[in-house]
Structures are given as structure tokens and as C-alpha cells.
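Enquirer: The structure follows.
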Amino acid sequence: MTKTSNTITRRSEEPTTDYAERVEGFLTQVGIYASIPESNKSTDFYSNLIRDLLKVDLVQAGRISCVFSVLPFVANYYNGMHGGAVAAIAEKVAIACARTVLAEGKEISLGELSICYLSAAPQNEVVVDGSVVKSCN
């Protein structure tokens with residue numbers, strides 16, 4: 001136990017065997033127990049998976065519009081689009097947008113990427129629009 005200013009911090013007790021078994025049972029129940037196949041452990045595998053579900057509708061200088069298919073393997077336990085998939089899509093579309101205004105071969109740095117999670121998209125198609133807000137080329 002340590003005391004800092006007026007706050008007391010207590011170290012929690014070690015989890016019991018029963019607790020560990022319940023957590024393991026929960027993870028097994030929701031399907032988070034199988035080992036990942038070797039073919040899925042390659043660099044950037046998740047991004048390749050996302051890219052294959054993204055269909056481009058419109059490409060203009062500084063603007064891209066796409067349709068993303070929300071399939072079961074990018075859905076969470078509640079059948080909504082997984083937050084990690086949202087982030088991967090945002091990154092891919094942001095980089096693609098930057099490529100429309102920068103010279104080929106020039107390095108890209110995403111200065112800021114902000115994502116607000118309001119509610120999960122159901123398993124359907126989602127429209128993804130990206131645009132360049134500011135370019136320092």
C-alpha cells in the first residue's frame with residue numbers, strides 16, 4: 001500500500017483459480033480461444049483483409065469515397081463492426097487520400113487521425129468518405 005498526496009493506492013489481491021477459470025470460460029464461449037493460423041501471422045495481414053472488403057467508388061484530388069462490406073469476420077461479439085476494423089479502414093483511406101495530392105514516392109505522415117465511435121455499424125455495407133483537410137507538400 002502506498003500513499004501519494006491524499007490518495008491511498010491498494011494493490012489488488014492475486015486472482016483466484018476460480019476467477020481465472022471463469023475468464024477462460026468466457027473467452028472460450030465468445031470464441032477467443034483458437035490459435036491464429038500461421039498464414040494469418042504475416043506482416044500487415046489485417047490491413048490486407050480490410051483492403052479486400054473496401055470497394056472504391058470515387059477518387060478525386062484530395063477525396064476518396066468507398067463502400068465497405070461489414071462481414072462476420074470484421075464484426076464484434078454483438079454483430080456490429082469491430083472498432084479495430086474502423087481504425088484500419090480510416091488509416092487506409094487517409095493514406096489513399098494523401099496519395100491523391102502528393103507526388104509518387106514522397107513519404108506520407110498522418111499528422112492526426114481522429115476516430116469517434118458513436119455506435120457500431122451492423123453487418124451490411126458502409127459508405128466511407130475520406131478527404132484531405134490540410135496538406136503541407
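Enquirer: Of all residues in the range 96-137, count the ones that are of a type in the set (A, V, I, L, M, F, W, C), within 24 Å of LEU71 (Cα to Cα) and touching a helix residue (DSSP H, G or I) at 6+ places or on another chain (Cβ under 6 Å).
Expert: 2
Enquirer: Which of the residues belonging to the range 120-137 are in a loop (DSSP other than H, G, I, E, B) and over 14 Å from the mean Cα position of the chain (by Cα)?
Expert: Answer for the range 120-137, where residues must be in a loop (DSSP other than H, G, I, E, B) and over 14 Å from the mean Cα position of the chain (by Cα): GLN123, ASN124, VAL132, VAL133, LYS134, SER135, CYS136, ASN137.
Enquirer: Let me ask something else about it. For the range 113-128, which residues satisfy the criterion of being loosely packed, with under 12 Cβ neighbours inside 10 Å and either touching a residue at least 60 places away in the same chain (Cβ under 8 Å) or of a type in the set (S, T, N, Q) (or both)?
Expert: SER114, SER119, ASN124, VAL127
Enquirer: Quick one: would you say LYS92 is basic (Lys, Arg) and either without any contact (Cβ under 8 Å) to a residue 40 or more places away in the chain or out of contact with any helix residue (DSSP H, G or I) (no Cβ under 9 Å at 6 or more places or on another chain) (or both)?
Expert: Taking the combined requirement at face value, the residue does not satisfy it.
Enquirer: Does PHE73 satisfy being closer than 16 Å to LEU49 by Cβ and surrounded by fewer than 15 Cβ atoms within 10 Å (Cβ to Cβ)?
Expert: yes
Enquirer: Looking at ILE89, ILE36, which one is among the hydrophobic types (A, V, I, L, M, F, W, C), touching a Leu at 6+ places or on another chain (Cβ under 7 Å) and either surrounded by 10 or more Cβ atoms within 10 Å (Cβ to Cβ) or modelled with pLDDT under 75 (or both)?
Expert: ILE89
Enquirer: Identify, by number, the condition in (1) part of a strand (DSSP E or B); (2) at pLDDT 80 or above; (3) β-branched (Val, Ile, Thr); (4) over 22 Å from the mean Cα position of the chain (by Cα) that ILE64 doesn't meet.
Expert: (4)
The values are calculated or read from the model by the stated rules, or taken from the named source; none is laboratory data. All values reported here derive from a predicted model rather than from experimental measurement. Because the Cβ atoms are built from the backbone with ideal geometry, glycine has one as well, and the counts that use them run over all protein chains shown.
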